[in-house]
Amino acid sequence: MGRIGAGKSNLVNKIFVPDQFKEGHILVSETNQTEEKILKWPRNPTFNVSWIDTIGFADNRSDTSNQQIFDNILDLLSTLKDGVHLAIYYLPS
């Protein structure tokens with residue numbers, strides 16, 4: 001989770017495999033829905049990680065409020081059978 005343009009999609013593409021999630025390169029939101037992908041952990045390919053890429057808070061689309069984004073994330077999290085073990089709020093330097 002993080003603000004629009006923080007680099008959330010870029011972070012997962014750097015940790016795992018490039019181009020897992022589409023990245024924007026200007027302050028126009030590229031991620032338009034919360035998306036989950038099951039990825040293999042690079043240092044232990046037998047370990048699967050459920051990675052969720054979210055719409056950025058303060059999204060620049062007029063039809064998307066921060067409350068709607070938060071509700072969307074909560075809806076997806078409630079479907080995860082094993083729950084959440086780690087959440088990352090990404091703040092670029």
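Before moving on, here are some points about what is shown:
- Pairs with Cβ under 7 Å, 6+ apart, first in the range 72-87 and under 15 Å from Ile38 (Cα atoms), second acidic (Asp, Glu): Leu76/Glu36
- Cβ pairs under 8 Å, 6+ apart, first in the range 1-22 and outside any helix (DSSP H, G or I) and surrounded by fewer than 17 Cβ atoms within 10 Å (Cβ to Cβ), second of a type in the set (Ser, Thr, Tyr) and at pLDDT below 75: Lys22/Thr31
- Every residue from the range 59-73 that is at pLDDT 75 or above, over 13 Å from the mean Cα position of the chain (by Cα) and surrounded by 10 or more Cβ atoms within 10 Å (Cβ to Cβ): Thr64, Ser65, Asn66, Gln68, Asp71
- Breaking point among (1) crowded, with 17+ Cβ neighbours inside 10 Å; (2) at pLDDT 75 or above, for His85: (1)
- Residue count, the range 36-58 (criterion: modelled with pLDDT under 80 and of a type in the set (Ser, Thr, Tyr)): 1
The values are calculated or read from the model by the stated rules, or taken from the named source; none is laboratory data. Keep in mind that what you see is a predicted model, and the values were worked out from it rather than measured. Because the Cβ atoms are built from the backbone with ideal geometry, glycine has one as well, and the counts that use them run over all protein chains shown.
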